[in-house]
1. Limiting things to C-alpha atoms, what are the Rg and the maximum Cα-Cα separation (Dmax) for the protein assembly as shown, in angstroms?
2. Output ³J(HN,Hα) for the stretch A:9-16: one whole-Hz value per residue in order, computed from phi by the Karplus curve 6.51 cos²θ - 1.76 cosθ + 1.60 with θ = phi - 60°, and x for Gly and Pro.
3. Along Cα-to-Cβ, 7 Å out, sits the label point; list in nm, shortest first, how far the one on B:LYS36 is from those in the other copies.
4. So what is the relative contact order of chain B, in percent, for Cα pairs below 8 Å that sit 6 or more residues apart?
5. In Å², nearest 100, what accessible area do chains A and B bury in total when the solvent probe is 1.4 Å?
6. Distances from A:GLY84 to the same residue in each other copy, label points 7 Å out along Cα→Cβ, in nm, shortest first?
7. Assuming 0.36 nm per residue, please report the length gained on full extension of the stretch B:HIS52 to B:ASP16 beyond their Cα-Cα distance.
8. Using a 7 Å offset from the Cα along the Cα-to-Cβ direction at both A:ARG31 and A:GLU109, what is the distance between the two label points in nm, to one decimal?
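The values are calculated or read from the model by the stated rules, or taken from the named source; none is laboratory data. Bear in mind that the values here come from a model prediction, so they are computed numbers and not experimental data. Heads up, the Cβs are rebuilt from the backbone with ideal geometry, glycines too, and the neighbour counts pull from every protein chain shown. Ligands, DNA and RNA are stripped out before the accessible areas are found, and what is left, the full protein with its side chains, is counted by its heavy atoms. Shrake-Rupley method; radii C 1.70, N 1.55, O 1.52, S 1.80 Å.
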Protein chains: 2
Amino acid sequence: MNALGRHILAEYYGCDIKILNDVELIEHYMREAVLKSGATIIDSTFHRFNPHGVSGVVVIAESHMALHTWPEHGYAAVDFFTCGDRVDPWKALKYISNKLKSSKNSSREIMRGLIEHETQELLEAQL
Amino acid sequence: MNALGRHILAEYYGCDIKILNDVELIEHYMREAVLKSGATIIDSTFHRFNPHGVSGVVVIAESHMALHTWPEHGYAAVDFFTCGDRVDPWKALKYISNKLKSSKNSSREIMRGLIEHETQELLEAQL
């Protein structure tokens with residue numbers, strides 16, 4: 001079995017509340033994080049909610065990096081989905097953790113798209 | 001402990017290869033899926049890659065729904081992150097599975113943002 005992608009889900013607690021509410025700064029940090037990982041940015045879209053919170057995603061050639069903040073809990077949820085060996089998602093996640101000034105974090109990595117070799121050959125022949 | 005969000009990661013195998021390459025159709029299906037879940041669309045961005053594959057995300061008021069396709073493997077990775085009780089992510093996932101004509105799928109649901117009550121009160125007092 002081969003995995004087509006890696007999906008890392010990261011939880012950042014104890015973050016700076018003002019930063020978690022600053023949509024321009026968050027978008028800047030997220031785009032910088034993606035570049036540090038070695039990924040190629042295709043597009044990004046970020047939004048500030050009322051009364052608080054920021055959501056957004058950077059779509060990359062290698063999949064996506066998304067973020068959602070709950071300033072009222074000092075918490076940000078980040079996920080980074082990537083494929084291939086060229087991108088290092090951990091560089092992006094370390095960078096964003098520092099920028100959010102997270103005092104406590106955890107993460108888990110999940111393999112996505114487990115493909116059997118026979119299926120792979122069959123489908124490639126159809127293209 | 002309370003979870004702030006639910007994140008469902010779904011794997012769709014044996015999908016229709018032509019649909020997996022059709023960026024306009026995929027964006028339409030994804031937006032329809034989100035509406036069926038009861039979520040509110042904020043923005044969406046989808047892209048077609050060369051030689052094949054589509055990536056994109058619908059940012060919603062309740063977080064996001066993202067999709068990445070590997071037509072050469074008949075595979076699509078979808079994730080739906082939501083918060084609150086109003087949205088039913090499974091309605092969106094069932095809809096998209098049907099539209100992609102997936103013959104085999106699996107999914108897992110992960111709780112995001114586990115908040116202790118004391119932390120919650122402390123941070124709310126700071127806002």
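1. 17.6, 61
2. Each residue's phi maps through the Karplus curve to give 10, 10, 10, 10, 9, x, 7, 5 Hz.
3. For B:LYS36, the inter-copy label distances come out at 4.0 nm.
4. It rounds to 40 percent for chain B.
5. For A against B, buried area totals roughly 3700 Å².
6. With the label placed 7 Å along Cα→Cβ, A:GLY84 yields 3.7 nm.
7. On the way: separation 36, 0.36 × 36 = 12.96 nm, distance 1.34 nm.
11.6 nm is the gain from fully extending B:HIS52 to B:ASP16.
8. According to this spin-label approximation, the distance is 2.8 nm.
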